[in-house]
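The values are calculated or read from the model by the stated rules, or taken from the named source; none is laboratory data. What you are looking at is a predicted structure, and each value in this text was computed from that prediction instead of being measured. Reconstructed Cβ throughout: ideal geometry from the backbone, glycine too, with neighbour counts over all protein chains shown.
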Amino acid sequence: MHELSLADEIVRMVEAAAVREHFKRVATLRLEAGALAGVEVPALRFALNAIVPGTCLEGAQIYIDQPPGRAWCVRCGAEVTITSRADPCPLCDGYPVQVTGGSELRVLDLVVLND
Amino acid sequence: MCIVCGCNNPEDHGAHEPAAPVVLDPSAGDLHYGTGTARASVPGLSQTRTVKLEADVLSANQRLANRNRAHFTAHGVTAYNLMSSPGAGKTTLLCATIEALRRRTPDLPLAVIEGDQQTRLDAERIRAAGAPAIQVNTGRGCHLDAQMVGDAFARLDLHAQAHHHGHRHEHAHEHTHDHNSPEALLFIENVGNLVCPALWDLGEAAKVVILSVTEGDDKPLKYPDMFAAATLMLINKIDLLPYVNFDVARCIDDARRVNPGIAVLQLSATRGEGMQAWLDWLLRKEAAQQARS
């Protein structure tokens, strides 16, 4: 549900970059939505598609990298991949695990059309 | 001649690298043209260029939250972000808390920022209980954000109360605060939602998640982001335990699985059980903050 707020913020960040960097149109937008970022990627795509008409992102290709959730198991000391914060360690079934990666939603870069 | 490299055999080489990427520091607006492999920017040679941002989407909210946090600290205000599903009892708990604090610490300034999609019903209940409240209506929004909380805080009596001054003044403060000035409590009642508010820092001292026994004991595993973000879990409506299948021990165990350090209190806002321990927690954290200042 909050994907619309996040999409709004992404568009705002790109529009601010457009002013600073003097571009009008974006060809490609690359985002990163980690598995533990709390973002439903299809919902984010849907929200972005709904709000980009009329902005510099209209018509842009949007790529969303989805790095896996990474964590460190307190019990066995292994660095593991998890899909949610509630997961136990996939190796030893222990918990808790401490999240070490895959929890961010970021705008990575844009390919923009030169004026 | 090839206009890119100046050689006489433009047919012999393939396409040249696009113009050097422009690296941007989003917060300072700095530009760096020398980061491409050629260490130079050659404008006008390509149709497109890459602009790197590598910026967290929540960074703007984070900056506002940090500003709120500094503002609260400077004013001696301890702020709590109360979150739960709709109907878990946040507003009833706040009304009971306000009444209990008025008895126990009558001089302690209190205020509430109420978040709902629509209506002023909750702010009115808080005011009837005896504390100032600002209602924030989010419309279709599902969570409060740092901007809303900053705007609401500026409108609260707590702001002027904590200053001890009668005059109105601009946001930028020229004077520093006497650390012996009384502390104050600000409760932020978030929109009823166990999902979205977990991601938005409001500048609070701590997030508190309220789970009532009628909602089922499996919520910490079903909504791990919320329980991972909270400092305290309040299990509410314990007076109803005889009538529902709620395994308290399992719920606490699951909450500690996603957040080993989470504190847990059990209470009934309507009957009063557990309220003193909740007040102890509120006032102890505030004392800890006072000790730090």
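Computed values, structure above
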{"quantity": "Count - residues of the range B:210-254 that are out of contact with any helix residue (DSSP H, G or I) (no Cβ under 6 Å at 6 or more places or on another chain), without any contact (Cβ under 8 Å) to a residue 60 or more places away in the chain and outside any helix (DSSP H, G or I)", "calculated": "8"}
{"quantity": "From B:Met275, B:Met233, B:Met226, residue being in contact with a Lys or Arg (Cβ under 9 Å, 6 or more places away or on another chain) and of a type outside the set (Ser, Thr, Tyr)", "calculated": "B:Met226"}
{"quantity": "Near pairs, Cβ below 7 angstrom, 6+ apart or cross-chain, from the range B:80-99 (in a loop (DSSP other than H, G, I, E, B)) to any residue that is acidic (Asp, Glu)", "calculated": "B:Ser85/B:Glu215; B:Ala88/B:Glu215"}
{"quantity": "Selection status of B:Ala70, of a type in the set (Gly, Ala, Ser) and over 19 Å from B:Met148 (Cβ atoms)", "calculated": "no"}
{"quantity": "Residue within the range B:149-166 that is assigned to a loop (DSSP other than H, G, I, E, B), more than 14 Å from chain A (Cβ to nearest Cβ), modelled with pLDDT of 95 or more and crowded, with 22+ Cβ neighbours inside 10 Å present", "calculated": "no"}
{"quantity": "Pairs with Cβ under 9 Å, 6+ apart, first in the range A:8-30 and more than 14 Å from A:Leu48 (Cα to Cα), second of a type in the set (A, V, I, L, M) and part of a helix (DSSP H, G or I)", "calculated": "A:Phe23/A:Ala17; A:Lys24/A:Ala18; A:Arg25/A:Ala18"}
{"quantity": "Strands (runs of 3 or more DSSP E) wholly inside the range A:1-97 that include at least 2 residues being within 11 Å of chain B (Cβ to nearest Cβ) and more than 22 Å from B:Leu58 (Cβ to Cβ)", "calculated": "A:25-33"}
{"quantity": "Matching residues in the range A:66-84 - criterion: being touching a Lys or Arg at 6+ places or on another chain (Cβ under 9 Å), farther than 21 Å from A:Leu31 by Cα and buried (at least 16 other Cβ atoms within 10 Å of the Cβ)", "calculated": "A:Ala71, A:Val80"}
{"quantity": "Number of positions in the range A:98-115 that are of a type outside the set (A, V, I, L, M) and at the interface with chain B (Cβ under 7 Å from one of its Cβ atoms)", "calculated": "4"}
{"quantity": "Residue check for B:Ala28: within 14 Å of chain A (Cβ to nearest Cβ), under 30 Å from A:Arg25 (Cα atoms) and modelled with pLDDT of 90 or more", "calculated": "no"}
{"quantity": "Tally, over the range B:231-267, of residues that are more than 14 Å from chain A (Cβ to nearest Cβ) and of a type in the set (Asp, Glu)", "calculated": "2"}
{"quantity": "Breaking point among (1) within 14 Å of chain A (Cβ to nearest Cβ); (2) in contact with a Ser or Thr (Cβ under 8 Å, 6 or more places away or on another chain); (3) polar (S, T, N, Q); (4) closer than 17 Å to B:Lys207 by Cα, for B:Ser84", "calculated": "(1)"}
